[in-house]
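All remarks here apply to the structure that follows.
What follows is calculated from the coordinates using simple rules that are stated; it is not laboratory data. None of these values were measured; they are calculated from a predicted model. We place every Cβ from the backbone using ideal geometry, glycine too, and count neighbours over all the protein chains shown.
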Amino acid sequence: MTFGKTLLVALAAGTLLVGCSSNDAPTTEADSVTVREGWVKAADDGMTSAFAEIQNTGEGQVRVVSAQSPSSPLVELHEIVSSADGSMVMKPKDGGFVVAGGDTKVLQAGGDHIMLMGVSAPLDPGSDTEFTLTFEDGSTSTFTAQVREFAGAQENYGG
């Protein structure tokens, strides 16, 4: 085989490899997200809160629009805001949680959090419960949160 033919075969093979390579870019919002440090406040019944770090490893923003958990029939995304009388109250977060590309959204006591309303069975310290986040594009991501004893997060519900 001559040098010219060898070069042509090598270039053609390289083109085929590049054309067939997989694209590692995320295809859904959930593909860009890693949830870390998930935990939920222990409760026998009623309402409780869950917290976590939502890391977006992609370039574009992602938006969490809802959450579900087998521990509660009603789960909402909440924020803490100042009411007309100056007290801090929690209310549903309009539009959900936005996480910019390359950024991390921290859900924490006294700030944005996941609210479980009507807890269906006791959440005992040391146990785990699952959460499924739904993103604006319809994709989902599930994470496990450890139940912990926590005296804080006693905000009033502002509806």
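Worth pointing out:
- Computed FRET value (nearest 0.05) for Ala121 with Thr34, which takes r as the C-beta separation and R₀ as 25 Å: 0.35
- Rounded if a/c under 1.5, otherwise prolate or oblate - the range 30-151, Cα gyration tensor axes: oblate
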